[in-house]
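S.K.: If you scroll down you'll find the structure; I have some questions about it.
The values are calculated or read from the model by the stated rules, or taken from the named source; none is laboratory data. Since we're looking at a predicted model, the values are computed, not measured. Cβ: placed from backbone, ideal geometry, glycine included. Neighbour counts: every protein chain shown. Heads up: the accessible areas ignore ligands, DNA and RNA and are worked out on the full protein's heavy atoms, side chains in. Shrake-Rupley method; radii C 1.70, N 1.55, O 1.52, S 1.80 Å.
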Amino acid sequence: NDKLDINVDPNAPSDVPEDLLLPAVLSNFSFEVIGGWAVRNSSLWTKHLARAVPGPHEGHYRLTANDANNFWRFYSYIDVMQNCKVLIEKATENENYNYSAISKIIFAWNMSMITDLYGDAPLSNAFQGTDGVIKPSYDTQEEIYRQIQQLLDESIEEISREIGEIPGSDDFVYGGNMDNWQRLARTLKARFYLRLSNAPGYDAATQAELALQALNDGAITAASVPSYGYVDEAGAENPWYQFAIDGKWDNRDRPSLFYVNMLLDTEDPRIAYQISQVTSGDNEGEYVGVTNNPTPSPIANYSQIHSFYSAADAPLYWMVYAEVPFMRAEAEFLRAGEMVNQSVIDAYEEGIVASMEFYGINSTDYSGYLADNALSSAAGTAYEQIMTQKYIANYLQLEAYNDFRRTGYPELPVNAELYPGATNLDTAPELDIIPLRLPYPSSERQYNPENIPANIPAGYQQAMVIPVWWDND
Amino acid sequence: QERRISGRVTASDTGEPLGGVSVVITGSTLGTTTDGEGNYSIAVPSDSKSLTFRFVGYLSNTVELTSTNQINVVLEVDATNLSEVVVTALGIQREKRSLGYSVQDVQSQDIVNSREPNIVNALAGKVAGVQINNSGGQAGSSSRIVIRGNSSLTGENQPLFVIDGIPMDNSVNRGETSESILFNGAGANRAIDIDPNTIENISVLKGAAASALYGSRGAFGVVLITTKRGVRDANRKFPRVSFSSNFAVDNAITDGYQTSYHLGLTPAGGTRPLFRNGLPAELGGYNEDPDGNPQGTTSWGPHKDSVSQAVIDALGGMPTVIDPRKQFYQPAHVWTNSLSISGGGERSNYIITYTNLDQKGVVPNNYFRKNSLTANMTSQLAENFTSSTSVSYTNSMNNRFAEGNNSRSFTYGLNFAPITFDSKQVYQEHGNVTWQAGADAAAGFNNPYWLVDNNAVPSVVDRIIASNELNYDIFPWLKLTNRVGLDTYTDEVSEQVNIGTKGTTNGRMFATLLKSTQLNNDLILSATSDINEDLSFSALVGTNYNDRKFTSRTVRGLNLNIPGFFDISNAATQQAIQSDSRRRIVGIYASGTLEYKNYLFLNVTARNDWSSTLPTGSNSFFYPSASLSWVFSELLDIRDNPYFSYGKLRASYAQAGNDANPYLTMQTYSQANPSDGTRGEIIFPFRGINAFQISSLMASNTLSPEMVTEIEVGTDLRFFRNRMGLEFSYYDKTSNRQILQQEIAASSGFGTRVVNAGEISNRGIEVILSGTPIRTESFSWDVLVNFSRNRYQLKSIAEGVDNIFLGGFTDPQIRADREHGYGVIWSLGWKRNENGVLLVDDDGYPMPADELGPIGNVTPDWLGGIRNTFRYKGLSLSALIDTRQGGDVFNFDLYYTTFYGTAKVTEQRGTYTVWDGIRESDGQPNTTPVLQDQAYFQNFYTQSMEELVEDGSFIKLREVTINYQLPDRLIERTPFEGISVSATGRNLWIKSNFSYLDPEGSLFGSGNAQGFYHAVTPGTRGVTFGLNVTF
């Protein structure tokens, strides 16, 4: 029978250590989740980008259960969170708590993106396939956020233990600097407290207080922004480069006409780092945005995403430091009962400065802009200013879409712009509002339909107008 | 002491030599068959008394042995009896009357006459219950063969190929491409390496009873190939030399496109379509709209006969119109030359065949070339000891091009091309420029002429199949046989994507060296015994050892530096990939046959296999079979009955177990590869760090073998003094405990799990009707009709699972579905009411359904073939009509060609149509006409995929062959023994409702997901001229 005992795969190991799992978790999360489909899509809805391709497509709010499938199925649950779970179990068993802490942060972050985009989702009953659970039940969004906060608390506590191996070059984000990971966990806690500012049964001032507390415990600094460095080699380039620039498939996802004009109209110096100037043709040297329909003249006559974000070797910023002062500004504003006070003004201005300095813009070049955009003392206007500045700072960040849904700011029109001079819209948007969620993915509809919340219809057009739980206006 | 008897067998009615006649030493199992010229040669022990000659439709003839070694025999037509001999499992020749199951064979001439380089295609239409599907028109494309329906949900459904008793590999190797078959297409199935000229006979074992002795590997039927043997002819001094030469011309079928409308469109707010010539501005681009881009993607421009005067003035004349498809596909040329030398001495015979095939495909630079050398030597080593050794070496070279959903597929730059733009001329003058992308554009369609000059997916196969069979007659009634075989090949598959290819502007390459080796041994002890005058018994016991090993080594390079140089040193990013697998089966088996008075036959088999791919402890599986044949006409006195000549009833029951693929029983990890599908990826090691993640496939350490159970009943009837025959079979086959890779909710942590689940039932009938309506001294007309239908039912998959993905995109896809069957096309249909009536809105348009659902099924209702053969003296005419009825094809090309305006259906632009349905609002029949304009085809037409589902039925005149054998009197004074010339037409006539006429393409090659027609080379038709000379 020895002759038959040969069924061991020579090309695939049956066990791997933590320092090989961690780079997989971080790299999958960076390329497929933070820099992947979700933000490419949400950027069309926040109008940072538009897709100059004949429709109907996502830019026209056509997004089917199939379109929503890969992000959930392959990128999040399988490539990131399942591996986080494997790494957490292994590291906990081996008492390598730094590894389990990092893994919990990534897990929590990815889970927040799943629930922010889809609503209720499997969590407490998930990742138990080997125990025979192939149709996990769904947790409510409220319960998911409770567990996310708990995971982040655990990660902060585990790092404090200072027990076990410390990652080194296998930690592509912080190179094993566990203090930075702890700061990131607190920053995410603050983000997720604020997320529930309007949630049913939650009090905005209390959430603001919790957020401020988390930030005060030690948030990320301009020097400890989480980012993932890519390399200018084939198969190692920045995801925005691979998606929007090198043309493997298409390169017509570009800054939107709306957004480019918004920056031009306000003479925002950040335009030079977010939008590239057209390099040839009729519009050479200009900033020209696109809409969600084919361009009337060749696509080369329109601006691309700036190389600050889209160079092959540009780092992918998982968040920007300016988010911290802007969170502080909003939290102070909410804590004061939606009132502007000096703390709000200071944090707001610090946010703009942080965003400018992120690109290396000198104070001489942004002082005028800062003065033009001084915070209004009128509460409504002030809230919009804070969120609009945060929206510009969060260029190409999924957080801009979450903030828009939560606060309604900045006020964004639906994707029905015409190119200058055009009179007809090639393809009109399929909804009259900006979508409020994604439809549940086709794989869950097929393989776990019993557990999908009954109040979310299968049809994407019907589903996408239903707000998620925390989006309670 | 023994001697060798040889001679020639002819028919009393025609005087023609008879091939395939069974020549047996009376009272023994020792025997041979005559070759195509009716010649035989047999070693006869000294104590033998006589030889018995048997052939279907003729009286058997027993000839007493005398001192002469030359016995020529004339067989009389038999009005009452049948004694056809067929090859059955393990190569055992048995009289067809004794079989309790269906076996159908195809003779040498029918295979050669099809003029198909791929042996699988040569079976099309010739065997009832067998479905063949050719995947496309490129030289070196794969073909799929399935017998009696799909029995496995996701596993291999194709039969085992056995050549001279040893199993051979028929897989499709794609090399280590990083891309799904969707984005690249598939290469050849490896049965293409067989030289049709060496085949004596193909015997198709359809049911589990017929193939039971092959064990798990025969669960989906067996294609048994027997190669030719040399014969000794005592009248000859020199070896017999046969030479054949064929030349074929094939043309691609290019139906399905509009040839009237130019590149261009009606601008927003405009009133009429404006012309563009498709050239970039710097190369003389022109757009009738002065502000517009001279390039564009869509053929929504003006009609070729009504371009405006402004255009004519600007271009200096009417725009030239071309048919891009007709311009691109070239006549294919196939040269086949085959030389064979055979002969024999007192104790041995031999045959050596060399064949060269040189096929130049319809796609420029696409070729398939094959050189094969096959030799067989059969020797009598001692009085009771014979050895037969076959060795064949094949070198196959294929140069093919990527197909599928990719801008690197030449079909993209071809199927969407406007009639306005001369891609060939533009390529020759400006390089990789298309009507929508300049030479430097990173994205967009590639010029097809540029692609076939710069990109390729070449494959070079070197293959050796060697086997030896030793027979030792321990006693006259007891024989020991050992058959050992080796099938090994290397395949050098590579991909070359040159710098400047849009979508992969920096170029890329891979080079894979793969090696497949299969070693197989059977040791068989067989005995026969006459218990008494009426009852005889034969039995065998045997063991089987089968080892399959597969290894591949790949270097893959991205971002090339030097154009056209496809060596790994030229790549800025380099990867090395290895892939290995190995599996073993050990089996023991036994078979026993009881024969009563030559009209009642009972056969029982049993086999037990142990497989390496199943968990230790549950890797042993046993399965039995029993079959009964009753020639009831023997009980009737019908010797002089002019109507009814022969009748047999048969029944069988059989099981066949099946093991898993290797390495599904242990959870593994794999190297991380962050990727977003087709747009980008991160390759590890990254920045010098490696990364692994858990496999998304959940392994199972509790797998048990699959089991197929089949019941078959049938009858063979002959009428009118054997001038007409009817064979009928009914089978009911159930596959249980399928080993599936079942997709599950990813929230479980896994994408798929390995599980034993599922029950599939296939029931069907097969009818073979043969007849000779006319037979005179000089003229005959033979008819053979094959008909089959199969009904598939997926009784269960796994708990709570209703369907399994077979292939395609997330949407659309081909799936197996519990409610709707195998090969369901699943996508978004039109909205219908509960009675299935189309619902139409108040403006006259149907609406997309709310949810995805079944919009078609690729499984045919029935298959049929009719062959008519007419012979007049040396002239013969044979025509094979092959039909498939029912079953859909998902024509995904139309999704794009209706958008781009190149599909034939868009020629109706500007006309009105009324959709046949009822209004949703008031339930009244729809009468509102809708305008079929650009917006209709671009924005509405493919909102549902239903318009892309087309009827896959066809009737094909698959082969028509005229053969002329020169009369003997013309050549009797020459050294030639026979000369014939022939002409064969392939697919000269096709009737179908499919847009592209020939619905036989499939992007998935020979995979389970059939009927997915997208970006493949269209089918071909043509004529072959042949010359055969023997001397």
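S.K.: Can you figure out the FRET efficiency of residue B:475 with residue B:64, using R₀ = 30 Å and their beta-carbon distance, to the nearest 0.05? Numbers along the way, then the final one.
M.R.: Working: r = 24 Å, r/R0 = 0.81.
Calculated transfer efficiency: 0.80.
S.K.: If one computes the Cα centroid of the range A:295-313 and of the range A:206-221, what distance in Å separates the two points?
M.R.: Between the Cα centre of the range A:295-313 and that of the range A:206-221, the gap is 37 Å.
S.K.: Ignoring ligands and nucleic acids, what accessible area does residue B:550 show with a 1.4 Å probe (Å², nearest 10)?
M.R.: The accessible area of residue B:550 comes to roughly 60 Å².
S.K.: Rounded to whole Hz and in sequence order, give me ³J(HN,Hα) for the range B:766-774 from the Karplus expression 6.51 cos²θ - 1.76 cosθ + 1.60, θ = phi - 60°, writing x for Gly and Pro.
M.R.: Calculated HN-Hα couplings, in order: 9, 10, 10, 10, 10, x, 10, x, 10 Hz.
S.K.: Apply the Karplus curve 6.51 cos²θ - 1.76 cosθ + 1.60, θ = phi - 60°, to the phi angles in the range B:122-138 and return the couplings in whole Hz, x for Gly and Pro.
M.R.: Using θ = phi - 60°, the values come out as 5, 8, 4, x, 9, 10, 5, x, 10, 10, 10, 9, 7, 7, x, x, 6 Hz.
S.K.: Can you show me the helix-derived [θ] at 222 nm for chain B, built from DSSP H runs with n ≥ 4 at -39,500 (n - 2.57) apiece and divided by the number of residues, rounded to the nearest 500. Show your work: numbers first, answer last.
M.R.: Values: 9 runs with 53 residues, N = 1031.
Using -39500 (n - 2.57) per qualifying helix, the result is -1000 deg cm²/dmol.
S.K.: Could you do me a favour and compute the accessible area per residue for the range B:666-771, 1.4 Å probe, result in Å²? Mind dumping the intermediate values first?
M.R.: On the way: 3480 Å² over 106 residues.
Accessible area per residue, the range B:666-771: 33 Å².
S.K.: Using only the alpha carbons of the protein assembly as shown, determine the length spanned along each of the three principal axes and report them from longest to shortest in whole angstroms.
M.R.: Result, largest extent first: 126, 81, 68 Å.
S.K.: Moving on to the next point. List the residues, sorted by chain then number, that are 5 or more residues from residue A:66 or on another chain and whose placed amide H is less than 5 Å from its amide H.
M.R.: A:442
S.K.: Moving on to the next point. Using θ = phi - 60° and the Karplus curve 6.51 cos²θ - 1.76 cosθ + 1.60, what whole-Hz ³J(HN,Hα) does each residue of the range A:71-84 get, with Gly and Pro shown as x?
M.R.: 3J(HN,Hα) across the range A:71-84, in whole Hz: 4, 5, 6, 8, 6, 8, 5, 8, 6, 9, 5, 4, 6, 4.
S.K.: Another question, then. Under 8 Å for C-alpha pairs, at least 6 residues apart: give me the relative contact order for chain B, rounded to a whole percent. If you can, show how the numbers build up before the last one.
M.R.: Working: 3022 pairs, mean separation 119.0, N = 1031.
Rounded, it is 12 percent for chain B.
S.K.: So what is the relative contact order of the range B:1-134, in percent, for Cα pairs below 8 Å that sit 6 or more residues apart? All intermediate terms of the calculation are to be shown ahead of the outcome.
M.R.: Details: 254 pairs, mean separation 26.2, N = 134.
Relative CO of the range B:1-134 lands at 20 percent.
S.K.: Pull out a ≥ b ≥ c, the square roots of the eigenvalues of the alpha-carbon gyration tensor of the range A:18-203, then state rounded if a/c is under 1.5, prolate if not and a/b is larger than b/c, and oblate in the remaining case.
M.R.: Details: a/c = 1.61, a/b = 1.54, b/c = 1.05.
It is prolate, given that a/c is not under 1.5 and a/b is the larger ratio.
S.K.: So how much accessible surface do B and A hide from each other in total, probe 1.4 Å, in square angstrom to the nearest 100?
M.R.: Protein heavy atoms only, the B-A interface buries about 6700 Å².
S.K.: So if we plug the beta-carbon distance of residue B:535 and residue B:730 into 1/(1 + (r/R0)^6) with R0 = 22 Å, what FRET efficiency do we get, rounded to 0.05? If you can, show how the numbers build up before the last one.
M.R.: Numbers: r = 30 Å, r/R0 = 1.34.
According to the calculation, E is roughly 0.15.
S.K.: Would you grab the residues whose amide H sits under 5 Å from the one on residue B:672? Only those 5+ places off in sequence or on another chain, please, with H modelled 1.01 Å from N.
M.R.: B:691, B:692, B:693
S.K.: Hey, another quick one. Would you mind checking the pairs B:904/B:956; A:85/B:549; B:831/B:904; B:733/B:991; A:3/B:228; B:228/B:597 and listing those with alpha carbons more than 31 angstrom apart? Don't skip to the end; give the middle numbers.
M.R.: Values: B:904/B:956 22 Å; A:85/B:549 36 Å; B:831/B:904 25 Å; B:733/B:991 33 Å; A:3/B:228 36 Å; B:228/B:597 33 Å.
Cα-Cα > 31 Å for A:85/B:549; B:733/B:991; A:3/B:228; B:228/B:597; rest within.
S.K.: Quick one: dipole size for the range B:648-798, taken about the Cα centre, charges +1 on Lys/Arg Cβ and -1 on Asp/Glu Cβ, in debye to the nearest 20.
M.R.: On the way: 15 positive and 14 negative charges, 63 e Å.
My answer is approximately 300 debye.
S.K.: Tell me, in nm to one decimal, what length is gained between residue B:643 and residue B:604 on full extension, where the rule is 0.36 nm per residue of separation less the Cα-Cα distance?
M.R.: Working: separation 39, 0.36 × 39 = 14.04 nm, distance 3.39 nm.
Answer, rounded to one decimal: 10.6 nm.
S.K.: How many angstrom lie between the C-alpha centres of the range B:428-486 and the range B:513-549?
M.R.: The distance from the Cα centre of the range B:428-486 to that of the range B:513-549 comes to 32 Å.
S.K.: Does anyone have the angle between helix A:141-161 and the longest principal axis of chain A? Alpha-carbon axes, 0 to 90°, nearest 10?
M.R.: Around 70 degrees separate the two axes.
S.K.: Something else now. Report the full-extension gain for the segment residue A:3 to residue A:381: residue separation times 0.36 nm, less the Cα-Cα distance, to one decimal in nm.
M.R.: Details: separation 378, 0.36 × 378 = 136.08 nm, distance 7.81 nm.
Difference between extended and current length: 128.3 nm.
S.K.: Distances over 26 Å make up what percent of all Cα-Cα pairs in the range A:357-473? Before the final figure, lay out each step's value.
M.R.: Numbers: 2966 of 6786 pairs.
Of all Cα-Cα distances in the range A:357-473, 44 percent exceed 26 Å.
S.K.: While we're on this one: Which residues belonging to the range A:113-158 lose at least 50 Å² of 1.4 Å-probe accessible area when the assembly is complete, relative to their chain isolated?
M.R.: A:134
S.K.: Please list B:609, B:255, B:916 from largest to smallest accessible area, probe radius 1.4 Å, with all protein chains kept in place.
M.R.: On the way: B:609 0, B:255 65, B:916 140 Å².
The most accessible residue leads, giving B:916, B:255, B:609.
S.K.: How large, in Å, is the range A:323-393 by the Kirkwood hydrodynamic radius built from its alpha-carbon pairs? Walk me through the numbers before you get to the answer.
M.R.: Values: mean 1/r = 0.0842 Å⁻¹.
Hydrodynamic radius (Kirkwood, Cα only) of the range A:323-393 equals 11.9 Å.
S.K.: Same structure, new question: In whole Å, largest first, what are the principal axis extents of the Cα atoms in the range B:306-439?
M.R.: Extents along the principal axes, in whole Å: 93, 26, 24.
S.K.: Keeping all protein chains in position, work out how much accessible area residue B:477 exposes to a 1.4 Å probe, and write it in Å² to the nearest 10.
M.R.: Estimated to the nearest 10 Å², residue B:477 gives 130 Å².
S.K.: For chain B, compute Rg over Rh where Rg is the Cα radius of gyration and Rh is the Kirkwood radius from the inverse mean 1/r over Cα pairs. The partial results should precede the final answer.
M.R.: Working: Rg = 30.8 Å, Rh = 31.0 Å.
So for chain B, dividing Rg by the Kirkwood Rh gives 0.99.
S.K.: Looking only at chain B, where both bridge partners belong to it, what percent of the DSSP beta bridges are antiparallel (to the nearest 5)? Don't skip to the answer; put the middle values down first.
M.R.: Details: 384 of 399 bridges.
Here the antiparallel bridges make up roughly 95 percent for chain B.
S.K.: Further, regarding this structure: Would you mind getting the accessible area per residue of the range A:323-393, heavy atoms of the protein chains only, 1.4 Å probe, in Å²? Let's see the in-between values first.
M.R.: Working: 2680 Å² over 71 residues.
That works out to 38 Å² for each residue.
S.K.: Please list A:403, B:802, B:888 in order of solvent-accessible area, largest first, computed with a 1.4 Å probe with all protein chains present. Walk me through the numbers on the way to the answer.
M.R.: On the way: A:403 5, B:802 75, B:888 40 Å².
Descending accessible area places them as B:802, B:888, A:403.
S.K.: With the other protein chains left in place, how much accessible area per residue, in square angstrom, belongs to the range A:18-203 at a 1.4 angstrom probe?
M.R.: Values: 4780 Å² over 186 residues.
Accessible surface, normalised per residue, equals 26 Å².
S.K.: Could you give the angle, 0 to 90 degrees to the nearest 10, between helix A:97-118's Cα long axis and the longest principal axis of the Cα atoms of chain A?
M.R.: Tilt relative to chain A: about 50 degrees.
S.K.: Hey, another quick one. Applying 1/(1 + (r/R0)^6) with R0 = 60 Å to the Cβ-Cβ distance of residue B:702 and residue A:461, what FRET efficiency is obtained, to the nearest 0.05? Could you put the intermediate results ahead of the total?
M.R.: On the way: r = 44 Å, r/R0 = 0.73.
Here the calculated transfer efficiency is 0.85.
S.K.: In nanometres, what is the gap between the two model label sites at residue B:594 and residue B:247, each 7 Å from Cα along Cα-to-Cβ?
M.R.: 6.3 nm
S.K.: With every protein chain present, what accessible area does residue A:237 have (1.4 Å probe, heavy atoms only), rounded to the nearest 10 Å²?
M.R.: 10 Å²
S.K.: Using a 1.4 Å probe and counting only protein heavy atoms, arrange A:334, B:931 so the residue with the most accessible area comes first. The partial results should precede the final answer.
M.R.: Values: A:334 10, B:931 55 Å².
The most accessible residue leads, giving B:931, A:334.
S.K.: Between residue A:94 and residue A:272, what length comes free when the chain is fully extended (0.36 nm per residue of separation minus the Cα-Cα distance, one decimal in nm)? Kindly include the intermediate steps, with their values, before the conclusion.
M.R.: Numbers: separation 178, 0.36 × 178 = 64.08 nm, distance 4.87 nm.
Here the segment from residue A:94 to residue A:272 would lengthen by 59.2 nm.
S.K.: Counting only protein heavy atoms and using a 1.4 Å probe, what share of the accessible area of the range A:18-203 belongs to carbon plus sulfur, as a whole percent? Please list the in-between numbers first.
M.R.: Numbers: 2060 of 4780 Å².
Of all accessible area on the range A:18-203, carbon and sulfur atoms account for 43 percent.
S.K.: Amide H to amide H, which residues 5 or more places from residue A:306 or on other chains are under 5 Å from it, using H placed in the peptide plane?
M.R.: Amide H to amide H, under 5 Å and 5 or more residues apart or across chains, residue A:306 pairs with A:275, A:276.
S.K.: Related question: Just how far, in whole angstrom, is the range B:160-184 from the range B:389-407 if you go by their alpha carbon centroids?
M.R.: 10 Å
S.K.: For residue A:248, which aspartates and glutamates qualify as cross-link partners when the Cα separation must be under 18 Å and same-chain residues fewer than eight apart are set aside?
M.R.: A:32, A:232, A:233, A:237, A:313, B:179, B:403, B:440, B:495, B:676, B:681
S.K.: Could you look at chain B and say what percent of its accessible area is carbon and sulfur, using a 1.4 Å probe and all protein chains? Please list the in-between numbers first.
M.R.: On the way: 20130 of 37820 Å².
C and S fraction of accessible area: 53 percent.
S.K.: Restricting to DSSP H runs of at least four residues, report the calculated mean residue ellipticity at 222 nm for chain A, -39500 (n - 2.57) per run over all residues, nearest 500 deg cm²/dmol.
M.R.: Calculated mean residue ellipticity at 222 nm is -13000 deg cm²/dmol.
S.K.: What angle do you read, to the nearest 10 degrees and between 0 and 90, between the alpha-carbon axis of helix A:323-335 and the longest principal axis of chain A?
M.R.: The helix A:323-335 is inclined about 80 degrees to chain A.
S.K.: Here is a follow-up. Give me the one-decimal nm value for the distance between modelled label points at residue A:432 and residue B:580, 7 Å along each residue's Cα-to-Cβ direction.
M.R.: My value for the distance between the label points is 6.6 nm.
S.K.: Here's another thing I want to ask about it. Extending each Cα 7 Å along its Cβ direction at residue B:885 and residue B:862, get the distance between those two points in nm, one decimal.
M.R.: 0.5 nm
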